[in-house]
Number of protein chains: 4
Amino acid sequence: MATKLKDPGVGYKSNKGAQRMIVNGESNVKHINKPKSLDDLYTYLIGVSWWLFLLYVLVGYLLINILFAAVYMTIGVQDFMSSTGNLWEDFSYLFFFSAQTITTVGYGAIAPNGIWAGYVSSLEALVGLMSFSFITGLLYGRFSKPKAKIRFSKHLVVRDFEESRALMFRVMNKRTNLMIEPELNAVITITEKESEGQFTRQFYDLQLQRNKVMYLPTMWTLVHKFDDKSPLKKYTNQELKNLEVEIYLLFKYHEQAFNQQLYQLHSYDFSQLKINYKFGESYRFDDDGFTIVNHHALNQIEKM
Amino acid sequence: MATKLKDPGVGYKSNKGAQRMIVNGESNVKHINKPKSLDDLYTYLIGVSWWLFLLYVLVGYLLINILFAAVYMTIGVQDFMSSTGNLWEDFSYLFFFSAQTITTVGYGAIAPNGIWAGYVSSLEALVGLMSFSFITGLLYGRFSKPKAKIRFSKHLVVRDFEESRALMFRVMNKRTNLMIEPELNAVITITEKESEGQFTRQFYDLQLQRNKVMYLPTMWTLVHKFDDKSPLKKYTNQELKNLEVEIYLLFKYHEQAFNQQLYQLHSYDFSQLKINYKFGESYRFDDDGFTIVNHHALNQIEKM
Amino acid sequence: MATKLKDPGVGYKSNKGAQRMIVNGESNVKHINKPKSLDDLYTYLIGVSWWLFLLYVLVGYLLINILFAAVYMTIGVQDFMSSTGNLWEDFSYLFFFSAQTITTVGYGAIAPNGIWAGYVSSLEALVGLMSFSFITGLLYGRFSKPKAKIRFSKHLVVRDFEESRALMFRVMNKRTNLMIEPELNAVITITEKESEGQFTRQFYDLQLQRNKVMYLPTMWTLVHKFDDKSPLKKYTNQELKNLEVEIYLLFKYHEQAFNQQLYQLHSYDFSQLKINYKFGESYRFDDDGFTIVNHHALNQIEKM
Amino acid sequence: MATKLKDPGVGYKSNKGAQRMIVNGESNVKHINKPKSLDDLYTYLIGVSWWLFLLYVLVGYLLINILFAAVYMTIGVQDFMSSTGNLWEDFSYLFFFSAQTITTVGYGAIAPNGIWAGYVSSLEALVGLMSFSFITGLLYGRFSKPKAKIRFSKHLVVRDFEESRALMFRVMNKRTNLMIEPELNAVITITEKESEGQFTRQFYDLQLQRNKVMYLPTMWTLVHKFDDKSPLKKYTNQELKNLEVEIYLLFKYHEQAFNQQLYQLHSYDFSQLKINYKFGESYRFDDDGFTIVNHHALNQIEKM
């Protein structure tokens, strides 16, 4: 008999059409009344795409220079340079002066001459150094806190296997370096209709034949056999297709390039299930005896 | 029978009115004769609030520039610029020169001209780069060594539960990302009066029904059942209210945004105990089937 | 009987002449159709030799200055300085101006004077700060994410040992600091000919007499005894010599200088096997009673 | 009976007067023929005292500026400024120019004017930025890779304890923050004379009554009871005093301020043993009920 698990913080009740709580490895839960903090900003800037990150830097650079140029304009152009007589040209030159100050280039062709000009530019230089210190940290953080780069196969398959049936899926590393001590744990939730509009959700550990290896150079096919302890054994292939199931996976391994333990969450539901299919070959040898891994082959399945 | 623990470094004796040793996750112990070290400064600057941190930077910047301006004044204004004739104006300009040097802006409108002016400004530029290197490290350290952001419910409740009673409390993540492999361990100390002015303090592990899950998207209610092994079973609800108890909790989980194992300590005493209350709903679904977590709901309890 | 392992992601089939999948601790697997990402660039720059790294920095510095000098040339020399009348000299001076801008030196002898000159040089200063932030991160990453520096003995030996035979090899730390809690796990694959052109590959755990110690100050000789559970017991010394065997090793320890858990993979095949040899002394004492470790002695073996 | 351990890489043989292999938590082993690498430089600079580190920075700054000043002198003073007519004054001004270039201050009062002056100063600015990137990394590394700050009591005591005897020692945290999940493991080596000039060294695990706690706010007394499994039981107190013994300890805990698992090695020998002494009180309460830890009290022992 399959052993039921205690609720891992998500409740036994369910309404049909509930969204999966993990999608693409990220939480799909909505938070309300969450207090904001500066750490959230850092976490956000670590997580955004490179294009967005560079855009933020550029826009921030423009805005802060416009701000300081306006302050310098208020102090008076003559405290920095002889006025060109043209307001917008003067503003541009003060914008350049601001940029030269905040980046600490400081050519000196435009230079502060006066008490207020001196104090504000001294402050701006400090603001500049602090900002670029922050950006240095962000850049390092973006590179050195890598996300686990595990790809999970698009489909789950159920097929006959060793006098029984088995559920299989496949993972591979997006990087070329070896994954060290990869381990995968799985939980399955099965929702069954009890009466009109009422559903019961049960949680089970999903036992995998081998869920930990020493290192992984290629792909890895994970196998859940429908033995007596499997919560899926009692369903026919046809029933499986219609079953409301969510599988939550936690993959962890040591990433050698970063000396870090990385984790990745993933989830499947049975809309991704293929019955009586098997996965294509995960590697082959070339003429020199080298093992070849084709990253396009991860999702290849074949009718049995 | 509940098993007594050995003293975890805090002694069996107690005097009434003793302070909890952990308050808000921080040590509440006073240290005397502790040798100071530079590491303590770093740890302090990593830990202070952002406002205080920025204030320190600003004040430090002012002080170091005043110091160098004074040195440059001693060397002589004429080695940097032609004197304005006004002492305070000269000092201001040398202050600006110092700021331009320490930030490496170096406009050059004011520039060292003379051997001592040259040496001291060369030193100040080095001091500046070292200082901002240090601040870069501090900023990165502040952001990249996050504290665990677990909120614990304000109250403990004791209620009837599965033909017995149970002690419950609730935790949630202040962040929006998933907590991976959260685990919670608990120790309880019970102090009983033995004779006039004498108290005995005993330590026990506080067994929780499920103290580890794979991931946690919402809130998590921890349950200590008053079974035969519970050190609380022998007390009636009324006795519990007056019992001198401290509960020390250690929460750990893997923080995905930072790839780090985070720990958080917390403590309760029984002034936070509510008898025959239960916690409000920890999540609900919206019309699109998304799970909704309301951060205000953590502390909601209801009379049973 | 030796227990066969499930395939750790590398398949049971083999063709004679297949390459080892781990060589010098790195994956020897070829990847095709692998999508590239910016993280790969970072990983690459973290991993290249110091000479190559410095070469990249120097070449990048030259190229970016040539690029900006060309842009400034297009804007017009007169917007930066009075032309020398010689095209290549003008270009050189704009190259210097670019270098002074991107490094934020900004002497000012050459300085932007004009709207476009101002905008482009403001952009270049930003590019410069971003680039050096990136290089700061790379340098720190190169130093602070150390590779495990374990040296494995060149040879494996098989010798008589405690009324049986044993396979031995030896490891040592390339650093002088202590390795803390070193642990070594081993897998062995044995390939046997079944019929013409068909080979079967089997995987076994390779049991080591003691595979974990508290700390390691000197060298460490690992011993696999040919007991009843050994997959090598059934082979004579002569058969061992001709056996197609790969041994994959995973060494892990805590590196004290970096507070990090380090891992190192290694592989042997039996072309490195020496029969009836033993390892030389791994340490000796000097006259003051100090333990002496000779790094040249790791590979010393003696005929028994 | 006490169970003998396999040799943890240090051999069974010993000569009288052999030095302990761990002294003050550092390896006391001498390495010969060890190849040097750049990583060793980084590790060294991370480990040296602050005074030495700052001295290296200052001396390096002087030397590199003298070097570049000499190169600029060779190029010719007139390519940077009008000569003062005094050789040493000219050299000083070029030294200042070098300092202004390498720190990227670049006032511009002295500025390169000429092709070689331009190229060399462009290179020096790059060298400067790379150097200060490196120093930024070093500073951060020095602060963020903290050593475990455990103090071990100066003495070991043996005293009567629970109808038997026990060996005790005491540890405390040099920091004020809590140690989380501290754990201590111990190995003991006992050397006995066999015949003239021959000694046998045996290794045993040293069992501690409680070697792991959840958190540690104060001091912690570790207790090894002389039960039937103790390798020390067979010796009288008088024999213990003359026994040649080394105890190697590995302490690990999670450091909350740095989110890191820290390790510290320590060793004792029996010249530090006190018979029939006990440790003084490890903490007391003040009038407000706060727990007080006196860092001077760690080594206090009292005759029983």
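Quick notes
- For region B:223-304, applying the loop criterion from DSSP together with a ceiling of 11 other beta carbons within 10 Å to the trypsin sites (Lys or Arg not before Pro) yields B:Lys234.
- For chain D, share of DSSP beta bridges that run antiparallel, in % to the nearest 5: 95 percent
- Here D:Asp160 yields copy-to-copy label distances, from shortest upward, of 5.6, 5.6, 7.9 nm, the label point defined as 7 Å from Cα along Cα to C-beta.
- Structure note, pairs B:Lys154/B:Lys252; A:Lys145/B:Lys147; B:Lys252/C:Lys149: Cα-Cα distances above 23 angstrom occur for B:Lys252/C:Lys149.
- Eligible lysines near A:Lys234 by straight Cα distance, threshold 19 Å, same-chain separation 8 or greater: A:Lys4, A:Lys193, A:Lys225, A:Lys274
- Cα convex hull of region C:148-303 - mean projected area over all directions, nm²: 10.7 nm²
- Spherically averaged projected area of the convex hull of Cα atoms, chain B: 25.2 nm².
- Label spacing, shortest first and in nm, from D:Asp286 to its equivalents in the remaining copies (7 angstrom along Cα→Cβ): 5.1, 5.1, 7.2
- Ellipsoid semi-axes in whole angstrom, largest first, where each is sqrt(5λ) of the Cα gyration tensor of region D:48-144: 29, 14, 9
- Residue with peak Gaussian network fluctuation, chain D [Cα springs, cutoff 10 Å], from D:Thr200, D:Thr189, D:Thr74: D:Thr74
- Here is the tail figure for the protein assembly as shown: Cα pairs spaced more than 57 Å apart come to 28 percent of all pairs.
- Estimated from helices alone, the mean residue ellipticity of chain A at 222 nm is -10000 deg cm²/dmol (sum of -39500 (n - 2.57) over DSSP H runs with n ≥ 4, per residue).
- Axis-nearest residue in chain B [Cβ, rotation onto A], distance in whole Å: B:Gly108, 3
- Potential lengthening between A:Asp287 and A:Ala70 on full extension [0.36 nm per residue; Cα-Cα distance subtracted]: 71.3 nm
- Residue exposure sequence - A:Tyr72, C:Tyr268 - by fewest surrounding Cβ within 10 Å: C:Tyr268, A:Tyr72
- With R₀ fixed at 22 Å, the C-beta to C-beta distance from D:Val48 to C:Trp50 puts the FRET efficiency at about 0.55.
- Comparing mean-square fluctuations of B:Ser230, B:Ser92, B:Ser271 from a GNM of chain B with C-alpha springs under 10 Å, the top value falls on B:Ser92.
- What separates the B:Glu192 label point from its copies, with the point 7 Å along Cα to Cβ, is 4.7, 4.7, 6.7 nm, written shortest first.
- Computed E for A:Gln207/A:Gln238 - FRET, C-beta separation, R0 22 angstrom, nearest 0.05: 0.40
- Think of each Lys and Arg Cβ as +1 and each Asp and Glu Cβ as -1; about the Cα centre, that makes the dipole of the protein assembly as shown roughly 4120 debye.
- If you wrap the Cα atoms of region B:127-195 in a convex hull and average its projected area over all directions, you get 10.9 nm².
- Listing D:Tyr248, D:Tyr107, A:Tyr56 from fewest to most neighbouring C-beta atoms within 10 Å gives A:Tyr56, D:Tyr248, D:Tyr107.
- Going by neighbour counts of Cβ atoms within 10 Å, the residues B:Arg159, B:Arg165 line up, fewest first, as B:Arg159, B:Arg165.
- Gaussian network model of chain D, Cα within-10 Å springs - most flexible of D:Asp39, D:Asp227, D:Asp288: D:Asp288
We did not get these values from a lab; they are worked out from the coordinates using the rules stated. Small disclaimer: the values here were computed from a predicted structure and weren't measured. FYI the Cβ positions are ideal-geometry reconstructions off the backbone, even for glycines, and counts take in every protein chain you see.
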